[in-house]
Amino acid sequence: MLRWLTAGESHGPALVAIAEGLPAGIETSTKDIAHALARRRLGYGRGARMKFEQDEVTILGGLRHGLTQGGPFAVQIGNSEWPKWRTVMAADPAEGDGELDELEPGTTGQARSAPLTRPRPGHADLAGIQKYGFTEARPVLERASARETAARVALGEVARAFLKQAAGVELVSHVVELGPVKAPAGLVPQPSDEERLDADPVRCLDAVASARMVEEIDLCHKEGDTMGGVVEVLAYGLPPGLGSHVHWDRRLDARLAAALMGIQAIKGVELGDGFELARVRGSQAQDEIVPGNPGVHRATGESGGMEHSAAGPERSISRRTNQSGGMEHSAAGPERSISRRTNKSGGTEGGMSTGEVLRVRAAMKPISTIPRALATVDVATGESATAHHQRSDVCAVPAAGIVAEAMVAMVLADALLEKFGGDSVPETRRNIESYLAGLDERGLGVH
């Protein structure tokens with residue numbers, strides 16, 4: 001079982017993340033994690049913090065000479081702004097004023113030490129004050145901040161490395177909607193498109209839609225508002241059978257939905273065609289199983305990973321995706337195969353992976369911190385007031401895709417270890433190969 005925890009506050013000295021249950025032999029490095037964190041800072045419409053924020057990565061345990069050791073993996077991400085917050089966020093009782101009177105950047109002139117008694121609508125501020133008995137929002141917003149997702153992205157990078165090295169599984173994400181602008185339907189990226197997507201200002205695969213999204217962000221910024229959108233994560237190369245139908249909490253789709261809903265500002269999740277399936281009849285909502293073509297191969301990303309020989313069993317089951325191009329054909333292969341006409345289900349059925357490309361979307365609401373402050377109540381006086389304004393982004397949807405990749409990676413890594421076990425990457429890989437070979441012997445192989 002893979003477990004992970006994060007600790008730390010937005011303006012504290014550092015974030016700390018721990019993953020327990022990772023097998024030995026995963027190749028990763030400080031550089032890899034730093035690269036993942038740099039991707040999280042991408043995106044047009046980000047706030048001033050992204051311009052000077054530097055994620056100082058220190059691996060504290062679980063990695064030696066670029067390989068995980070099988071023990072808990074711990075990473076620390078330092079806060080380059082910590083000196084400015086040392087007194088306000090000190091762990092021990094304050095002994096002096098220090099920089100208490102210094103103004104907080106991006107606010108309406110409020111000192112860092114001033115009590116935040118005007119909770120912001122849409123944030124955790126008020127509910128946290130009510131739940132924990134606080135008199136102001138600082139203890140709530142510091143932990144509730146999306147800054148915490150940096151720790152999850154760090155762990156997600158290690159999970160992604162494990163998935164690729166043990167099973168040939170690769171992930172990619174992209175923005176499909178931003179405010180009123182939608183990317184054209186049917187554009188599905190491959191893992192090889194990651195660099196191209198990261199170079200786009202909003203991480204959208206379609207150039208025309210991307211330009212319109214940028215225009216919307218500019219307009220939103222001019223009007224003192226914020227924007228939300230929808231991101232999609234795809235996973236290529238998954239074996240069938242991850243997750244289970246036998247209990248609600250073991251269903252892969254349920255675990256993915258919970259993980260994505262746990263990202264700050266995410267308000268909706270769908271797998272495959274999701275909510276659109278509720279608008280059609282049952283005969284149009286299923287992925288029909290049909291006799292396939294000879295030589296259908298397992299859906300993978302560009303790099304492959306788990307490979308099978310050209311010749312295969314007399315019959316096999318295969319998943320052919322629509323649009324994504326994940327399935328490839330060759331001249332040689334099984335005499336018979338079974339495939340899917342479509343991938344409306346998004347790669348899961350009955351709570352289990354099917355071997356098709358996993359496709360999951362998450363909807364991010366507009367950021368709740370709005371420059372033109374919304375109405376609230378000052379909890380210190382009970383009087384009407386305008387909400388406190390912290391500096392924030394106009395739009396963080398492109399970054400949400402990177403965080404979503406990390407969460408999907410950790411859920412899939414957990415499900416893979418649950419199914420195949422292994423104290424080392426080679427052992428897990430052998431277990432997967434044995435499982436797939438067994439499917440071939442039964443004529444149920446996925447190629």
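Please specify each residue of the stretch 165-186 satisfying the condition of being touching a residue at least 40 places away in the same chain (Cβ under 8 Å) and out of contact with any Pro (no Cβ under 9 Å at 6 or more places or on another chain). Passing the criteria: GLN165, GLY168, VAL176, GLU177, GLY186. Reported count of residues in the stretch 115-149, each being of a type in the set (S, T, N, Q), crowded, with 18+ Cβ neighbours inside 10 Å and over 17 Å from ILE367 (Cα atoms), is 1. Filtered by the rule that a residue be modelled with pLDDT of 95 or more and assigned to a loop (DSSP other than H, G, I, E, B), the stretch 57-88 gives GLY62, HIS65, GLY66, GLN69, GLY70, GLY71, PRO72.
To keep it simple, each residue is scored yes or no on (1) surrounded by fewer than 23 Cβ atoms within 10 Å (Cβ to Cβ); (2) more than 26 Å from ALA183 (Cβ to Cβ); (3) modelled with pLDDT of 95 or more.
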{"site": "GLY333", "(1), (2), (3)": "no, yes, no"}
{"site": "ARG359", "(1), (2), (3)": "no, no, yes"}
{"site": "PRO366", "(1), (2), (3)": "yes, no, yes"}
{"site": "THR381", "(1), (2), (3)": "yes, yes, yes"}
{"site": "ALA409", "(1), (2), (3)": "no, no, yes"}
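Selection over the stretch 214-231 of residues that are touching a residue at least 40 places away in the same chain (Cβ under 8 Å) and assigned to a helix (DSSP H, G or I) gives a count of 4. Would you call LEU436 over 22 Å from the mean Cα position of the chain (by Cα), among the hydrophobic types (A, V, I, L, M, F, W, C) and outside any strand (DSSP E or B)? Criteria met by LEU436. Per the conditions (1) in contact with a Gly (Cβ under 9 Å, 6 or more places away or on another chain); (2) more than 20 Å from ASP32 (Cβ to Cβ), the sole criterion not satisfied by GLY186 is (1).
What number of residues in the stretch 152-181 are of a type outside the set (Ser, Thr, Tyr) and either modelled with pLDDT under 95 or closer than 20 Å to LEU42 by Cα (or both)?
Of the residues in the stretch 152-181, the ones of a type outside the set (Ser, Thr, Tyr) are 152-172, 174-181.
Imposing the further condition that a residue be either modelled with pLDDT under 95 or closer than 20 Å to LEU42 by Cα (or both) reduces the set to 152-158, 160, 171-172, 174-179, 181.
Qualifying residue count for the region: 17.
Scanning the stretch 195-204 for residues that are surrounded by fewer than 20 Cβ atoms within 10 Å (Cβ to Cβ) and touching a residue at least 12 places away in the same chain (Cβ under 8 Å) yields ASP198, PRO201. Applying the criterion of being over 17 Å from ILE77 (Cβ atoms) and of a type in the set (A, V, I, L, M) to the residues of the stretch 150-163, the residue that is surrounded by the fewest Cβ atoms within 10 Å (Cβ to Cβ) is ALA161. The lone criterion from (1) touching a residue at least 12 places away in the same chain (Cβ under 8 Å); (2) in contact with a Gly (Cβ under 9 Å, 6 or more places away or on another chain) left unmet by ALA209 is number (2).
I'm checking my understanding of the structure. Among residues of the stretch 258-289 that are within 30 Å of SER145 (Cα to Cα) and part of a loop (DSSP other than H, G, I, E, B), which one is nearest to the chain's Cα centre (by Cα)? Here the residue is ILE263. Inside the stretch 187-209, can you point out the residues that are in contact with an Asp or Glu (Cβ under 8 Å, 6 or more places away or on another chain) and part of a loop (DSSP other than H, G, I, E, B)? Listed by number, the residues that qualify are LEU187, GLN190, LEU205. Criterion applied to ALA19, ALA24, ALA14 was being surrounded by 14 or more Cβ atoms within 10 Å (Cβ to Cβ), modelled with pLDDT of 95 or more and farther than 30 Å from GLY422 by Cα, and the one residue passing it is ALA14. What pairs can you find where one residue is in the stretch 244-267 and at pLDDT 95 or above and among the hydrophobic types (A, V, I, L, M, F, W, C), the other is surrounded by 12 or more Cβ atoms within 10 Å (Cβ to Cβ) and assigned to a loop (DSSP other than H, G, I, E, B), and their Cβ atoms are less than 6 Å apart, with a gap of 6+ or different chains? Final answer for the pair search is LEU252/LEU242; LEU252/GLY351; ALA265/LYS365. For the stretch 250-265, the criterion of being of a type outside the set (Gly, Ala, Ser), out of contact with any helix residue (DSSP H, G or I) (no Cβ under 8 Å at 6 or more places or on another chain) and loosely packed, with under 13 Cβ neighbours inside 10 Å is met by no residue. Of GLY12, GLY21, GLY43, GLY25, all but one fail to be on the phi > 0 side of the Ramachandran plot and out of contact with any Lys or Arg (no Cβ under 8 Å at 6 or more places or on another chain); the exception is GLY25.
Annotation for the stretch 95-108: at least one member residue is buried (at least 17 other Cβ atoms within 10 Å of the Cβ), assigned to a loop (DSSP other than H, G, I, E, B) and modelled with pLDDT under 95.
Which one is surrounded by the fewest Cβ atoms within 10 Å (Cβ to Cβ) among residues in the stretch 411-447 that are among the hydroxyl-bearing types (Ser, Thr, Tyr) and farther than 16 Å from MET352 by Cα? Outline the logic, then answer.
Of the stretch 411-447, the ones among the hydroxyl-bearing types (Ser, Thr, Tyr) are 424, 428, 434-435.
Keeping just the survivors that are farther than 16 Å from MET352 by Cα gives 424, 428, 434.
On the way: SER424: 16, THR428: 23, SER434: 10.
Step by step, filter the stretch 411-447, then rank; the result is SER434.
Listed here are the strands (runs of 3 or more DSSP E) enclosed by the stretch 351-422 that have at least 3 residues being under 14 Å from the mean Cα position of the chain (by Cα): 358-364.
The values are calculated or read from the model by the stated rules, or taken from the named source; none is laboratory data. Being a predicted model, the structure only gives us computed values, none of them experimental. Every residue, glycine as well, gets a Cβ built from its backbone with ideal geometry; the counts of neighbours run over all protein chains shown.
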